[in-house]
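I have a structure I would like to understand better, so I am pasting it below and will then ask my questions one at a time.
The values are calculated or read from the model by the stated rules, or taken from the named source; none is laboratory data. In this text, all values refer to a predicted model and were calculated from it rather than measured experimentally. Cβ placement follows ideal geometry from the backbone for every residue including glycine, while neighbour counts extend to all protein chains displayed. Each accessible area value is taken on the protein alone, full model and side chains, heavy atoms only, with ligands, DNA and RNA left out. Shrake-Rupley method; radii C 1.70, N 1.55, O 1.52, S 1.80 Å.
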Amino acid sequence: MGSLETPTTTENNGSTPGGTYDDGDQKPPVSANGSAPSRFESTESEASKKRKASMLPLEVGTRVMCRWRDAKYHPVKVIERRKMHIGGPNDYEYYVHYTEFNRRLDEWVKLEQLDLDSVETVVDEKVEDKVTSLKMTRHQKRKIDETHVEGHEELDAASLREHEEFTKVKNIATIELGRYEIETWYFSPFPPEYNDCLKLYFCEFCLNFMKRKEQLQRHMRKCDLKHPPGDEIYRSGTLSMFEVDGKKNKVYGQNLCYLAKLFLDHKTLYYDVDLFLFYVLCECDDRGCHMVGYFSKEKHSEESYNLACILTLPPYQRKGYGKFLIAFCKLSAVHLFNFHLAYELSKKEGKVGTPERPLSDLGLLSYRGYWTRVLLDILKKHKGNISIKELSDMTAIKAEDILNTLQSLELIQYRKGQHVICADPKVLDRHLKAAGRGGLEVDVSKLIWTPYKEQG
C-alpha cells in the first residue's frame, strides 16, 4: 500500500517494550532494521497517521490509487461516496471511476482498497484538462479527440456533462436473467420504486422485472410465454430471430430498453416504443427461446438509420452474435457473396443504411469489424475497378461508412479530385488475416420476412 513501516520492539522475559534486560541495564527498543528508532522516525509515523486521518472522508473528485480485482493498484477518481451503516464518522464507501478503463468498470470500494499515500489534491477540472492538453503530443491528442467523437457524436459538451452527472452511479448492481446472474455496466432509469434494489430478477421471456426471487418464481408459474412476443422470422438450427412491434407489445419494448440501458452507456431510452421494431435473437431448446441479444430500428427513419440500437448480452459476447445481428439488418433476397446477416434487411428493403449515432465502444468495434470483413471479401473476389457507389449498392452500407473503413485500412487514395480504391492483393490478404473469422454463417433461405412498409 505504500504505508509507512512502524517500528517494532523485542520482548524478553515478559518485559514491556523498553523494559529491563537480565543484566539490569536499560535498553532502548529496536526498530525493524536492527537499530534504535530515532525520535524523527517515531514522529514521522504519528504525523503520517494524522495526515491520513485529516483526509477522511475523501471528497468527491479526489484522485487516488485503488486496488482492483487483479490485485494491482490503478488510478481512480472518486465519483460519489456514501456513509456506511455501521462504523465511525469517517467510515464511507466510495464509488470510483478507473481512469484507465471504460465506465462499465466503475464500482463501490471500501477504504482499505485505497492507498491514502497516493491521494492527490482535488483540482479544478477545467484547469486540469488545460494542463493535460498542453502536455500531450499531437498524436496523443488526435487519438483522444477521435475516441471522443466516435463515442459522443450527437452530444455537445454541456449535454455530455449532464448525461454523465445523471448516470454517474450504477443503481442496479446485478440482474438475474434465465440461468445467468449478470453484473451490470451502467445506470438505467428504472421507476423510482426500484431505486433501493441492488439486484433485479427478469423473466427471460416477457422481460417483466421484480425485486425478489420469490416474486419471479410466482410469475414464472403464471407466464405462458416461451419466446419473445412477436413473429419468428428466421430459424436455423437452434437460432431464432423474432420481430417485435413496439406498438403491439409496448410493455415488452419498454422493458427491453430498461434492460439494454444497463449495458449501453449512451443509449437514449425511448418510452414511446411505438415507432420502433425490435429484432430479438434467441438460442432455442426444449425449455423455450432464450434471449441472446437484439437490435432495434425505426419504422421510418429520415436519416437512413438502419439500426437504432444493438446489444449482445454479456454471457453471449465473443461468440460471433454481434456480427450476426449487424448482418441481419440487411438480409437480401439476392446474394452476390456469402455475407453475414447485419445489413440484409436493408438490402431487401432496397435502401442503404447506417447505425444511429452515437455508437457504444463495443458497438463501434462490431460495426467496424463487419464493414471491414464485407468490403475485404468483395475487393478480394472482384475483378477490375470498383467504385464506392457500386460497393454501397452491393452491400447497402452507406458510402460515408465505406469511405471511412477503407481509409482506416489505407486502401484508398485521393487523386485528381476523386477517391480511388487501391486493392493490392497482398495487402488485402494481410487485412483479411487480421480481420479473423467473419462470425456465424447465415442460411438466407431460412429468412421469412416482409419489410414493414409492405405489411398490412
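Across segment 92-106, what is the number of residues that are open to solvent by 30 Å² or more (accessible area, probe 1.4 Å) and in contact with a strand residue (DSSP E or B) (Cβ under 7 Å, 6 or more places away or on another chain)?
Adding up the residues that qualify gives 7.
For (1) touching a Cys at 6+ places or on another chain (Cβ under 7 Å); (2) closer than 30 Å to TRP185 by Cα; (3) at pLDDT 80 or above, each residue gets a yes or a no:
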position	(1), (2), (3)
LEU362	no, yes, no
LEU375	no, no, yes
GLU400	no, no, yes
SER408	no, yes, yes
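Could you please find all residues in segment 233-254 being part of a strand (DSSP E or B), more than 26 Å from the chain's Cα centre (by Cα) and buried (at least 17 other Cβ atoms within 10 Å of the Cβ)? Before you say what the answer is, go through the steps one by one.
As a first pass, look at segment 233-254 and keep what is part of a strand (DSSP E or B): 233-236, 239-245.
Next, from what is left, pick out any that are more than 26 Å from the chain's Cα centre (by Cα): 233-236, 245.
Of everything in segment 233-254, those that are part of a strand (DSSP E or B), more than 26 Å from the chain's Cα centre (by Cα) and buried (at least 17 other Cβ atoms within 10 Å of the Cβ) turn out to be ILE233, TYR234, ARG235, ASP245.
Does any residue of segment 199-209 turn out to be assigned to a helix (DSSP H, G or I), closer than 30 Å to LYS168 by Cβ and out of contact with any Asp or Glu (no Cβ under 9 Å at 6 or more places or on another chain)? Let's see the steps before the verdict.
Our first condition is that a residue be assigned to a helix (DSSP H, G or I); within segment 199-209, this holds for none.
No: zero hits.
Right, something else. Quick one: how many residues across segment 429-441 are under 13 Å from VAL374 (Cβ atoms) and either at pLDDT 70 or above or in contact with a Phe, Trp or Tyr (Cβ under 8 Å, 6 or more places away or on another chain) (or both)?
First pass over segment 429-441, keeping only residues under 13 Å from VAL374 (Cβ atoms): 431-432, 435, 438-439.
Then keep just the ones that are either at pLDDT 70 or above or in contact with a Phe, Trp or Tyr (Cβ under 8 Å, 6 or more places away or on another chain) (or both); that gives 431-432, 435, 439.
So the answer is 4.
Out of segment 106-147, which residues are assigned to a helix (DSSP H, G or I) and at pLDDT 90 or above? Outline the logic, then answer.
Restricting attention to segment 106-147, the residues satisfying the condition of being assigned to a helix (DSSP H, G or I) are 111-113, 125-135, 138-147.
Across segment 106-147, the qualifying residues are LEU111, GLU112, GLN113.
Being open to solvent by 40 Å² or more (accessible area, probe 1.4 Å) and over 19 Å from TRP108 (Cα atoms) is the filter; apply it to segment 171-193 and report the residue that is modelled with the lowest pLDDT.
PRO192
Residues being surrounded by 13 or more Cβ atoms within 10 Å (Cβ to Cβ) and outside any helix (DSSP H, G or I): count how many of those fall in segment 379-419.
10
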